């Protein structure tokens, strides 16, 4: 990690206190903890790390500090290594998924509300996993001729222009009016399905987003529908309407938000059918998972978990949100010494992430990662409607 660049020269040291790490300015005499103040903005991009390729990695600048009373803005840039995208580059916690081996250097620029600027760098060394060898046997996969989601990814509405619709359809106009804690929010997923349907079908915003204040129009067959929207923070908005007149509308606002804890909301998003695919030893493997609408609290991991089954080999699976990585994870243990662990993000219907192939010598040994592969474009989720 490089030295911090600040406007006033200062020296810094790390002081452990009650299990925490503090970055303190030594511009003044030590008169006790209360005497230490941050007289400059200090960027902290985290510690250098060695990690496996393909896995999503957080760039964490939450340790950056500012003088009391100043707010901070953040900007991540890549300055060395194979080119890779940076998601949420203007937040303190950005995400990258390096696909090539080598060293990646990222620079964090932190700016204080009163003008102080500081930069810091972090290096990620991306290394291969141990290697599986030809004798690593894989779990039974689905035949390539079978698409387990074909009958579930249904589109119940067609996009249309305002005031133009077919004679046999009704126009539904939706408007994004969501404001939460003063922020006008972007919606990244929108679903409409008949009340009688068990699954939400296909995300209507698969190739776009829904800006605040924007109105979109859809053509639907008259009937009773459930409506669902997700903002970029993961909050869910729900309504049920009967569509019978020529033009109807849904004003999506905070009033229609589902009141539940973020932990429970994350677990509930996993309930449904998943198709996850990847390539190993030049062969494509596709697996389907049925995650049941029974959400349990795991006291060991302090998180909600969803259980299900692999549709190809009937092995039990467990899924949930891993707060330590900020990712969802699904574990498929198909023998006493072989296991898949998926780490991924959900973006509407699409699943982005990677799979770890893991093994252990005995049931008392820890699991060891022997290979990592990215999930490919066939990886999708169809959510089950569990609120009727």
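The values are calculated or read from the model by the stated rules, or taken from the named source; none is laboratory data. Note that the coordinates shown come from a computational prediction; the quantities given were computed from them, not determined experimentally. Ideal geometry is used to build each Cβ from the backbone, glycine not excepted, and the neighbour counts take in all protein chains shown.
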ask   = Do we find that residue 257 is touching a residue at least 40 places away in the same chain (Cβ under 8 Å) and in contact with a strand residue (DSSP E or B) (Cβ under 8 Å, 6 or more places away or on another chain) in this structure?
value = yes
query = Can residue 337 be described as surrounded by fewer than 19 Cβ atoms within 10 Å (Cβ to Cβ), over 22 Å from residue 98 (Cβ atoms), in contact (Cβ under 8 Å) with a residue 40 or more places away in the chain and touching a strand residue (DSSP E or B) at 6+ places or on another chain (Cβ under 8 Å)?
reply = no
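State whether the residues of region 89-97 include one that is more than 22 Å from the chain's Cα centre (by Cα) and at pLDDT below 95.
If we filter region 89-97 for residues that are more than 22 Å from the chain's Cα centre (by Cα), which is where we start, we get none.
No, every residue in region 89-97 fails to be more than 22 Å from the chain's Cα centre (by Cα) and at pLDDT below 95.
How many residues does region 293-314 hold that are more than 16 Å from residue 328 (Cα to Cα) and either in contact (Cβ under 8 Å) with a residue 60 or more places away in the chain or exposed (fewer than 15 other Cβ atoms within 10 Å of the Cβ) (or both)?
Pass one, region 293-314, residues more than 16 Å from residue 328 (Cα to Cα): 293-294, 299-300, 309-314.
Filter once more, so that each one left must be either in contact (Cβ under 8 Å) with a residue 60 or more places away in the chain or exposed (fewer than 15 other Cβ atoms within 10 Å of the Cβ) (or both): 293-294, 299-300, 310-314.
Of the residues in region 293-314, 9 are more than 16 Å from residue 328 (Cα to Cα) and either in contact (Cβ under 8 Å) with a residue 60 or more places away in the chain or exposed (fewer than 15 other Cβ atoms within 10 Å of the Cβ) (or both).
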message = For region 278-292, give me each residue that is loosely packed, with under 13 Cβ neighbours inside 10 Å and either in a strand (DSSP E or B) or touching a helix residue (DSSP H, G or I) at 6+ places or on another chain (Cβ under 8 Å) (or both).
response = 279, 283, 284
query = For region 242-257, which residues satisfy the criterion of being at pLDDT 90 or above and either assigned by TED's automatic domain parsing to the domain that holds residue 371 or buried (at least 16 other Cβ atoms within 10 Å of the Cβ) (or both)?
reply = 250, 252, 256, 257
ask   = Looking at this structure, is residue 156 touching a strand residue (DSSP E or B) at 6+ places or on another chain (Cβ under 6 Å) and assigned to a loop (DSSP other than H, G, I, E, B)?
value = yes
query = Among the residues of region 242-277, which ones are within 23 Å of the chain's Cα centre (by Cα), over 16 Å from residue 231 (Cβ atoms) and part of a strand (DSSP E or B)?
reply = 272, 273, 274, 275, 276, 277
request  = Give the number of residues within region 197-222 that are modelled with pLDDT of 90 or more, in a loop (DSSP other than H, G, I, E, B) and under 19 Å from residue 351 (Cβ atoms).
outcome  = 6
inquiry  = Under 8 Å between Cβ atoms, which residue pairs at least 6 apart in sequence (or on different chains) link something in region 268-283 that is in the same structural domain as residue 340 (by TED's automatic domain parsing) and modelled with pLDDT of 90 or more with a partner that is surrounded by 23 or more Cβ atoms within 10 Å (Cβ to Cβ) and assigned to a helix (DSSP H, G or I)?
reply    = none
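Results for (1) assigned by TED's automatic domain parsing to the domain that holds residue 366; (2) assigned to a strand (DSSP E or B); (3) farther than 30 Å from residue 145 by Cβ, shown as yes or no for each residue.
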site: 297; (1), (2), (3): yes, yes, yes
site: 306; (1), (2), (3): yes, yes, no
site: 312; (1), (2), (3): yes, no, no
site: 325; (1), (2), (3): yes, no, yes
query = Which of the residues spanning region 373-388 are surrounded by fewer than 13 Cβ atoms within 10 Å (Cβ to Cβ) and under 18 Å from the mean Cα position of the chain (by Cα)?
reply = 377
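For region 362-370, check the following and say yes or no: at least one residue is at pLDDT below 95, over 25 Å from residue 59 (Cβ atoms), assigned to a strand (DSSP E or B) and in contact with a strand residue (DSSP E or B) (Cβ under 8 Å, 6 or more places away or on another chain).
Going residue by residue through region 362-370, those that are at pLDDT below 95 are 362-370.
Checking the rest, the ones that are also over 25 Å from residue 59 (Cβ atoms) come to 362-368, 370.
Pick out the ones that are also assigned to a strand (DSSP E or B) and you get 368, 370.
Filter again for in contact with a strand residue (DSSP E or B) (Cβ under 8 Å, 6 or more places away or on another chain), leaving 368, 370.
Checked against the condition, which is being at pLDDT below 95, over 25 Å from residue 59 (Cβ atoms), assigned to a strand (DSSP E or B) and in contact with a strand residue (DSSP E or B) (Cβ under 8 Å, 6 or more places away or on another chain), region 362-370 yields at least one hit.
Any residue in region 356-372 that is under 30 Å from residue 201 (Cα atoms), buried (at least 21 other Cβ atoms within 10 Å of the Cβ) and under 16 Å from the mean Cα position of the chain (by Cα)? Please lay out each step first, then the result.
To start, the set of residues in region 356-372 that are under 30 Å from residue 201 (Cα atoms) comprises 356.
The next check asks that each one be buried (at least 21 other Cβ atoms within 10 Å of the Cβ); those that pass are 356.
Cutting the leftovers down to under 16 Å from the mean Cα position of the chain (by Cα) gives us none.
No, every residue in region 356-372 fails to be under 30 Å from residue 201 (Cα atoms), buried (at least 21 other Cβ atoms within 10 Å of the Cβ) and under 16 Å from the mean Cα position of the chain (by Cα).
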note = If we ask which residues in region 194-214 are surrounded by fewer than 20 Cβ atoms within 10 Å (Cβ to Cβ) and farther than 25 Å from residue 378 by Cβ, their number turns out to be 7
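Quick one: in region 167-196, which of the residues that are part of a strand (DSSP E or B) and in contact with a helix residue (DSSP H, G or I) (Cβ under 9 Å, 6 or more places away or on another chain) is farthest from residue 244 (Cα to Cα)? It would help to see each step written out before you state the result.
Restricting attention to region 167-196, the residues satisfying the condition of being part of a strand (DSSP E or B) are 170-176, 179-180, 183-184, 187-194.
Remaining after also requiring in contact with a helix residue (DSSP H, G or I) (Cβ under 9 Å, 6 or more places away or on another chain): 179-180.
Working: 179: 29, 180: 31 Å.
Out of the qualifying residues, it is 180.
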request  = Name the residue, out of 217, 222, 261, that is within 21 Å of residue 178 (Cβ to Cβ) and surrounded by 14 or more Cβ atoms within 10 Å (Cβ to Cβ).
outcome  = 217
query = Which members of region 167-193 meet the condition of being touching a residue at least 60 places away in the same chain (Cβ under 8 Å), surrounded by fewer than 22 Cβ atoms within 10 Å (Cβ to Cβ) and within 15 Å of residue 232 (Cα to Cα)?
reply = 177, 179, 180, 188
